[in-house]
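Provided herewith is a single structure, encoded as structure tokens, for subsequent inquiry.
The values are calculated or read from the model by the stated rules, or taken from the named source; none is laboratory data. Quantities reported herein were computed from a predicted structural model and do not represent experimental measurements. Here the Cβ positions follow ideal geometry from the backbone for every residue, glycine too, while neighbour counts run over all protein chains shown. SASA here: full protein model, heavy atoms, side chains in, ligands and nucleic acids out. Shrake-Rupley method; radii C 1.70, N 1.55, O 1.52, S 1.80 Å.
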Amino acid sequence: MVLQRNEINEKDTWDLSTIYPTDQAWEEALKDLTEQLEKVVQYEGHLLDSADSLLEITEFSLEMERQMEKLYVYAHMKNDQDTREAKYQEYYAKAMTLYSQLDQAFSFYEPEFMDISEKQYADFLEAQPKLRVYQHYFDKLLQGKEHVLSQREEELLAGAGEIFGSASETFAILDNADIVFPFVKDEDGNEVQLSHGVYMHLMESKNRGVRRGAYQALYATYEQFQHTYAKTLQTNVKVQNYRAKVRNYKSARHAALAANFVPESVYDNLVAAVRKHLPLLHRYLELRSKILGISDLKMYDVYTPLSSVEYSFTYQEALKKAEDALAVLGEDYLSRVKRAFSERWIDVYENQGKRSGAYSGGSYDTNAFMLLNWQDNLDNLFTLVHETGHSMHSSYTRETQPYVYGDYSIFLAEIASTTNENILTEKLLEEVEDDATRFAILNNFLDGFRGTVFRQTQFAEFEHAIHQADQNGEVLTSDFLNKLYADLNQEYYGLSKEDNPEIQYEWARIPHFYYNYYVYQYSTGFAAASALAEKIVHGSQEDRDRYIDYLKAGKSDYPLNVMRKAGVDMEKEDYLNDAFAVFERRLNEFEALVEKLGLA
């Protein structure tokens, strides 16, 4: 049975009192920031009065944003730890409202800044040396000049921010708090209630009947609510398309990628490379079918580990294994990891009402917290090092960069996390002496690659297709979404949609479809991480130093430049082909082990 929040040992929960010591302190900070926002009106119309006014207003704007992020993070994480608590639902709603008010208050900033002439810009930088730290920030703003609207239009858009986010919030409440899953039988024949965490655990069961039962029960529930989920997703897509249109972008994808200064060719190259290598995925799935001894492989058969080796870890064992693997990144990196593991940065176990999945969060002035829903298996060890990669990226960036550059673009985010996964794989393969355990590790790598590069690219194709369909006037009904998803799933996995009817509803349970063109970066990130991990583990100290420099860079340079300095050019297809070469090499070894061990 999933525990209540108050039944979880405190040492296994994150310590949010390091952000605000009490809820009352958060409420006072909210009140204070609300009052400070009233000062903003005095700055309107005066941004370019002088170099000093540009500096003062820019720094005031950033300081307000910095305080807002801290407020938001506390409310967001308090809400996530138990989404049923009305108090923290209210905190989160208040934070979102204030965020919208903040955006609205400073909506004059960009339109006024866009009036600056080249000469005035140069003169200001000369007259006020303190502005020079913001030069890259200003340069990025100027690149988006054609997409900035009039002050009144910016005010209207900013004021609608809370409304624009409502589809995503409705999805989150429905999917984490309101939806009730049925009871199913576990491997011991016990009745257990499905939850997001329990479902993934049961999908890894060796008992096909258990997998089938959990799978059918989960998707029968989503089938019941398919029309509601279709409406929340359609609304979210309309929001992104509307925003792109009013800001003069060709499409929502163009707008989303332009925010990170990433050309759309990077996205198209990814899809093309993955489609070209789908035969490798089909080959792996055929092998999986043989090992499992079934001729009718189903979608509920693709998650169960193929190994009979019980390669599992308690949470404490996983912490030690993660430290051992990540030591290759140096003493400074390892010391940060140990702090995260020992100073309650992590909310470890699932509880009733807790948000599903895992993430790394926090703001410039907080610890880089992690949310997990821990299960004692190899996948969760990989999740731990993945989220630790995000948190170390945040730690280095925030410590190295001023606030204005103290975050990193989402395009870079998944690289640090998946580099850690690849380092862990290398470490485990180095340690292993017996064929059976090596088989288990290779199985995990191949499944991870399938789940990250192949699956997330499938998601990326689906996401782009629904945005294009809406842009072309198509109504995103559940029937439309079901068919589109089923067809894509069949192409990717090579498994008939007629034999896997439930999978057509999978789109309904994917929170990342509300993240506005986020998912493709899991795939590009994993591929880039594959190249970086090879250099970190097998390369020189210079390679490792360049990687740490990437972790420190934040937003001080354009994302593609940051990666070039780290040693990967993501505008070329080489890094993708290199990643598939690693997959094929390990698939070859896996096939050889299958034959050697007589498993098929």
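Could I get the Rg over Rh figure for the range 183-285? Both from C-alpha atoms, Rh via Kirkwood, rounded to two places.
Ratio value, two decimals: 1.15.
List the pair-distance distribution P(r) of the range 456-539, using every Cα-Cα distance, as the percent of pairs falling in each 10 Å bin from 0 up to the bin containing the longest distance, rounded to whole percents.
Pairs per bin, as whole percents: 16, 41, 26, 12, 5, 0.
While we're on this one: Taking the Cα centre of the range 1-136 as the origin, how large is its charge dipole in debye, to the nearest 20, when only Lys and Arg (+1) and Asp and Glu (-1) carry charge on their Cβ atoms?
In debye, rounded to 20, the range 1-136 gives about 380.
Could you list log10 I(q)/I(0) for the range 469-600 at q = 0.14, 0.17, 0.19, 0.20 Å⁻¹, which the Debye formula gives when each Cα is one point scatterer?
Reported log10 I(q)/I(0), two decimals: -0.93, -1.05, -1.11, -1.14.
As a test of the definition: which semi-axes, in Å, follow for the chain when you take the square root of five times each eigenvalue of its alpha carbon gyration tensor? Largest first, please.
Semi-axis lengths for the chain are 40, 27, 25 Å.
Could I ask something else about it? Could you estimate the translational diffusion coefficient of the range 208-353 from the Stokes-Einstein equation, with Rh from the Kirkwood formula over C-alpha pairs, at 10 °C and 1.306 mPa s, in whole µm²/s?
The calculation lands on 75 µm²/s.
If I ignore ligands, DNA and RNA and count only protein heavy atoms, how much of E286 is accessible to a 1.4 Å probe, in Å² to the nearest 10?
120
Sticking with this structure for a sec: Please list S312, S342 from largest to smallest accessible area, probe radius 1.4 Å, with all protein chains kept in place.
In descending accessible area the options line up as S342, S312.
Right, next: Once the Cα gyration tensor of the range 289-443 is diagonalised, what are the square roots of 5 times its eigenvalues, in whole Å and ordered largest first, as equivalent ellipsoid semi-axes?
Rounded to whole Å, the semi-axes are 31, 18, 15.
Compute the Kirkwood hydrodynamic radius of the range 259-327, taking the inverse of the mean of 1/r over all pairs of distinct Cα atoms, and give it in Å to one decimal.
With all distinct Cα pairs of the range 259-327 included, I get 16.1 Å.
If I take R0 = 35 Å and measure r between the Cβ atoms of E146 and D549 in this structure, what FRET efficiency does the formula 1/(1 + (r/R0)^6) give, to the nearest 0.05?
About 0.60, to the nearest 0.05.
For the range 3-144, go through all pairs of different Cα atoms, get the mean of 1/r, take its inverse, and jot down that Kirkwood value in Å.
In the range 3-144 this quantity evaluates to 17.5 Å.
So, in Å, what gap is there between the alpha-carbon centers of the range 358-403 and the range 43-71?
When both Cα centres are located, 30 Å separates them.
Using a simple spin-label model with points 7 Å from Cα along the Cα→Cβ vector, what separation in nm is obtained for D376 and S342?
Calculated label separation equals 2.5 nm.
Moving to a separate point now. Using alpha-carbon positions, what is the distance between the centroids of the range 294-330 and the range 202-221, in Å?
The range 294-330 and the range 202-221 have Cα centres separated by 20 Å.
Name the long-range amide H neighbours of L597: under 5 Å, sequence gap of 5 or more, or other chain; modelled H, no Pro or chain starts.
Result for L597 returns nothing.
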